[in-house]
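Trainee: Here it is, the structure in full.
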Amino acid sequence: MKTDKSASRQKWRSDKLSHLGSSIFSEVASWKEEAMSSGLDVIDLGIGSPDQAPAPEIRQALSEAVLREDSYSYPASKGSTEFRKQAAEWMNWRFGVEVDPEEELVSLMGSQDGLAHLALALCNPGDLAIVPDPGYPIYTGALALAGVRAWPLPLLEDNAFLPDLDSIPEAVWQEAVFILLSFPGNPISVTVDLAYMEKLVAFAHKWDVLIIHDLAYSEMGFGGYRPISILQVPGAIHTSVEFHSFSKSFNMAGCRIGFMTGNREAVGALRELKSNVDYGVFNPVQEAAVLALKLAMQGNGRLEVAPLYERRRDLFVEALTEEGWAVPSPAATMFIWAPLPEGYAFTELEGRSRQFAHELVLKTGVVVIPGDAFGAQGEGFVRIALVEDEARLLEAARRIGEYLRTIR
């Protein structure tokens, strides 16, 4: 029997979309358009998209593979044998970690692909997962899609933004399916040593909780610091998986390729889900990624991305300090997590990050992301991405300084 819908209009939009956390980025995009329409030259330090191209050899390999007639078939969703073997070799070269490319590694259309789908593969609706606050928006967005409850783990300035594992109640550990953390992270570039990772693995073993470690910024450590893999902890592979990104490590952002490696049951679950969702990464992109890993393993530093962002960090932090805004100098990643400038006038505590970011782009053309886009604990901060060249960063600092002098 046909249902009578005359009394109310059908809603063609899922309620889950309101919990994905992407609305602020759309809002910031509208601010950017507003600034451009008023004639401002926009300097976009918002989205963390690398502004560099892959190495010439990688681009050449990609272009040659694209021209081959045999490249146009459905790839395997788990990734080509060559890609998985090379990724496993790179894990061994980079971290001293051995993983089985057949059972403990799966290719992804960028790490966000895996982060967005993993809760669907691991959890049932109503399950509980521990996620950082602030954290990358897809962490909680993926839970909303899967109907999984989030337990936000606060990253507090008083604790140097380090997740306090001891603060998690036993009842939460008992109920949680997984805990998701990222070292160094986005938006906050928190760094840890092996001892912290060992403690995390011990908690996971005790409570039978899966660790999901997002290591998208593995190649962006500064001052001699090299990010570590959770899988470096003995026995961690029994209770951990880890994400890796070619976007950040090899400037292959538009190519959409990455991988997840670790616990074979979790890898298998994601692989099974993805076999029903997509047909894998375009084979020429996988071939280019294989070459990127091989070039990195030559060890001559040609593909290193960290020195560029370290120079930008040093220049920009110093320039902002001279302009009157002292911001912390991150030990890794392409992001600065900056507290709002002292003396910034606001009427309400809630929404002040958004107010500052909005005014900044409309007055100066400099785009930053308000901290509350990453969770409730992000209020009072903004995230600044070092994704412009040095001249543009200096210009951004100059404009910000001029703006700050008008509001003090």
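Trainee: Enter the Cα centre distance for the pair region 253-331 and region 386-408, rounded to the nearest angstrom.
Mentor: The distance from the Cα centre of region 253-331 to that of region 386-408 comes to 27 Å.
Trainee: Would you kindly derive the ³J(HN,Hα) couplings of region 274-282 from the backbone phi angles with the Karplus curve 6.51 cos²θ - 1.76 cosθ + 1.60 (θ = phi - 60°), listing them in order in whole Hz, with x for Gly and Pro?
Mentor: Each residue of region 274-282 in turn: 5, 5, 9, 10, 9, 10, x, 7, 3 Hz.
Trainee: Let me ask something else. At a 10 angstrom cut-off on C-beta neighbours, averaged per residue, how do the peptides 161-171, 206-216, 180-190, 389-399 rank from highest to lowest?
Mentor: Values: 161-171: 13.6, 206-216: 21.7, 180-190: 25.5, 389-399: 17.6.
So the order, starting with the most tightly packed, is 180-190, 206-216, 389-399, 161-171.
Trainee: Send over the Kirkwood Rh of region 148-255, from the inverse of the averaged 1/r over different Cα pairs, rounded to one decimal Å. Mind dumping the intermediate values first?
Mentor: Working: mean 1/r = 0.0680 Å⁻¹.
The Cα-based Kirkwood calculation yields 14.7 Å.
Trainee: Do the sum for the chain: with -39,500 (n - 2.57) for every DSSP H run of n ≥ 4, divided by all residues, what is the mean residue ellipticity at 222 nm, to the nearest 500 deg cm²/dmol? It would help to have the intermediate numbers written out before the result.
Mentor: On the way: 13 runs with 163 residues, N = 408.
Counting only the DSSP helices, I get -12500 deg cm²/dmol.
Trainee: Kirkwood hydrodynamic radius, region 229-277, all distinct C-alpha pairs: what's the number in Å?
Mentor: Values: mean 1/r = 0.0832 Å⁻¹.
With all distinct Cα pairs of region 229-277 included, I get 12.0 Å.
Trainee: Compare Gly301, Gly365, Gly375 in a GNM of the chain, Cα atoms joined below 10 Å, and give the one with the largest fluctuation.
Mentor: In this elastic network of the chain, the residue with the biggest mean-square fluctuation among Gly301, Gly365, Gly375 is Gly301.
Trainee: Distance check, please: which entries in Lys11/Lys78; Lys78/Lys294; Lys16/Lys85 exceed 32 angstrom between their Cα atoms?
Mentor: On the way: Lys11/Lys78 36 Å; Lys78/Lys294 20 Å; Lys16/Lys85 37 Å.
Check vs 32 Å cut-off fails for Lys11/Lys78; Lys16/Lys85.
Trainee: Shifting gears a bit: Using a 1.4 angstrom probe, figure out how much accessible area region 264-408 has per residue, in square angstrom, rounded to the nearest whole. Kindly include the intermediate steps, with their values, before the conclusion.
Mentor: Working: 6150 Å² over 145 residues.
Using a 1.4 Å probe on heavy atoms only, each residue of region 264-408 averages 42 Å².
Trainee: Hey, what D do you get for region 291-363 in µm²/s if you plug the Kirkwood alpha-carbon radius into Stokes-Einstein at 20 °C and 1.002 mPa s? Before the final figure, lay out the partial values.
Mentor: On the way: Rh = 15.1 Å.
So the translational diffusion coefficient is about 142 µm²/s.
Trainee: Treat region 201-256 as a sphere of radius equal to its Kirkwood radius over Cα pairs and apply Stokes-Einstein at 20 °C in a medium of 1.002 mPa s; give the translational diffusion coefficient in µm²/s, rounded to a whole number.
Mentor: Working: Rh = 12.6 Å.
In µm²/s, the coefficient rounds to 170.
Trainee: Suppose a student asked you for the relative contact order of region 259-385, using Cα pairs under 8 Å spaced at least 6 residues apart; what percent would you report? All intermediate terms of the calculation are to be shown ahead of the outcome.
Mentor: Working: 109 pairs, mean separation 19.6, N = 127.
Relative contact order here is 15 percent.
Trainee: Now for a different question. Could you please state how large a percent of the accessible area of the chain is carbon and sulfur, counting protein chains only and using a 1.4 Å probe? Don't skip to the answer; put the middle values down first.
Mentor: On the way: 9320 of 18310 Å².
Result for the chain: 51 percent of the exposed heavy-atom area is carbon or sulfur.
Trainee: Shifting gears a bit: When the Cα atoms of region 333-394 are enclosed in a convex hull and the volume is divided per residue, what value in Å³ results? Mind showing how you got there, number by number?
Mentor: On the way: hull volume 5.8 nm³, N = 62.
Output value, Cα hull per residue: 93 Å³.
Trainee: If all Cα-Cα distances of region 188-343 are sorted into 5 Å bins from 0 onward, what percent lands in each bin, rounded to whole numbers?
Mentor: 2, 8, 13, 16, 17, 16, 13, 8, 5, 2, 1
Trainee: Evaluated at 4 °C with a viscosity of 1.567 mPa s, what Stokes-Einstein diffusion coefficient in µm²/s does the chain have when Rh comes from the Kirkwood expression over alpha-carbon pairs? Display every interim value, and only then the final one.
Mentor: On the way: Rh = 22.4 Å.
Translational diffusion coefficient: 58 µm²/s.
Trainee: Follow-up question, since we're still on this one. Under 10 Å, Cα contacts only: if you run a Gaussian network model on the chain, which one of Gly46, Gly254, Gly268 comes out with the highest mean-square fluctuation?
Mentor: So, out of Gly46, Gly254, Gly268, the one fluctuating most is Gly254.
Trainee: Given region 251-408, report the % of alpha carbon pairs whose separation exceeds 25 Å.
Mentor: Beyond 25 Å sits 49 percent of the P(r) for region 251-408.
Trainee: How large is the accessible surface per residue of region 32-191, computed with a 1.4 Å probe and reported in Å² as a whole number?
Mentor: Details: 7100 Å² over 160 residues.
Dividing the accessible area of region 32-191 by its residue count gives 44 Å².
Trainee: Compare Val367, Val277, Val233 in a GNM of the chain, Cα atoms joined below 10 Å, and give the one with the largest fluctuation.
Mentor: The residue that fluctuates most here is Val277.
Trainee: Restricting attention to region 9-100, which chymotrypsin sites (Phe, Trp or Tyr not before Pro) occupy a DSSP loop and are surrounded by at most 10 other Cβ atoms within 10 Å?
Mentor: Values: sites: Trp12, Phe25, Trp31, Tyr72, Phe83, Trp90, Trp93, Phe95; in loops: Trp12, Tyr72.
Answer in residue order: Trp12, Tyr72.
Trainee: Loop-only GluC sites (Glu not before Pro) in region 288-345, please: DSSP not H, G, I, E or B, and at most 10 other Cβ atoms within 10 Å. Let's see the in-between values first.
Mentor: Numbers: sites: Glu304, Glu310, Glu318, Glu322, Glu323, Glu342; in loops: Glu304, Glu323, Glu342.
Here the sparse-neighbourhood loop sites are Glu342.
The values are calculated or read from the model by the stated rules, or taken from the named source; none is laboratory data. Bear in mind that the values here come from a model prediction, so they are computed numbers and not experimental data. When we count neighbours, we look across all protein chains shown, and the Cβ atoms used for this are built from the backbone with ideal geometry, even at glycine. Side chains included, ligands, DNA and RNA excluded: accessible areas come from the protein's heavy atoms. Shrake-Rupley method; radii C 1.70, N 1.55, O 1.52, S 1.80 Å.
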